[in-house]
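Notes to accompany the following structure.
The values are calculated or read from the model by the stated rules, or taken from the named source; none is laboratory data. Treat the numbers as computed from the prediction; the structure is a model and nothing was measured. Neighbour counts run over all protein chains shown; Cβ positions are idealised from the backbone, glycine included. Only protein heavy atoms, including side chains, enter the accessible area calculation; ligands, DNA and RNA are left aside. Shrake-Rupley method; radii C 1.70, N 1.55, O 1.52, S 1.80 Å.
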Amino acid sequence: LTSCYIYGVSAWKLKLDGAQQKDLVITALGEATITVDNIEVAQFVYLLLHHQRIRDVIETITSKAVLILGRFTVERKAVLDTLREELRNRGYLPILFDFEGSVNRSTDETITLLARMARFVIADVSDAKSVLQELRGIVPNLPSVPVQPIIVSTQDEPGMFDYYRPYPWFLKTYRYATTHQLITDLSERVIRPAEIKVQELRGQIP
């Protein structure tokens, strides 16, 4: 698939393993030529160029999405649900990925994909060994996504945090005693450090 005109093409169940894809023209004859190198990406790119609502959706996700990680026991999930509601009230788009069991390759890839779309990540590591595994796929590989760890004050930080601290986008842990304290401090102690780091990483702070 080299230098093909694919404007208007509809195709399903393509078998393209090993196929060379290059200079695929996604615009109609008579329009300024735009090319991509992947037929599966072509329709998405075309939609971005011609549909404002699609661009608005992507802008909303990348500018407002916050990924929340934590343990989903009854007690811990109540905290995460409250955190999600408070973020929503503050104009964010919270993403809470609820899964059962240990992290496997599929869930790990999904979490990493969601983190790539997020403005920042809030990771509640209270009683949450699985979150540490999730962070291994996020912190070293996503330098543009700040990670704000939080933990109940009765617990110690995991020893693994020593590995993450050299990464500037891994922020200082916020400790909270109660859900009420977490919500009271949310703007100043959780959101504000993450937003400052977002602006710093995006070059908006000298």
**Fill in**
Reported set for region 105-147 where residues are free of Cβ contacts under 8 Å to residues at least 60 places away in the same chain and of a type in the set (D, E) is D108, E109, D124, D127
**Scan of region 96-144 for residues that are farther than 17 Å from V198 by Cβ, at pLDDT 90 or above and of a type in the set (S, T, Y), ordered by number** = S126
**Among the candidates S126, S144, S130, residue that is of a type in the set (S, T, Y), in a loop (DSSP other than H, G, I, E, B), open to solvent by less than 60 Å² (accessible area, probe 1.4 Å) and within 26 Å of R88 (Cα to Cα)** = S126
**Request:** Enumerate the helices (runs of 4 or more DSSP H) found wholly within region 154-206, keeping only those where 3 or more residues are touching a residue at least 60 places away in the same chain (Cβ under 8 Å) and over 19 Å from L80 (Cβ atoms).
**Result:** 192-201
**Message:** Suppose we filter region 53-84 for residues that are among the acidic types (D, E) and either in contact (Cβ under 8 Å) with a residue 24 or more places away in the chain or under 19 Å from V147 (Cα atoms) (or both); how many remain?
**Reply:** 1
**Prompt:** Which helices (runs of 4 or more DSSP H) does region 1-95 wholly contain that include 3 or more residues that are open to solvent by less than 80 Å² (accessible area, probe 1.4 Å), modelled with pLDDT under 90 and farther than 30 Å from T184 by Cα?
**Reply:** 39-50, 52-64
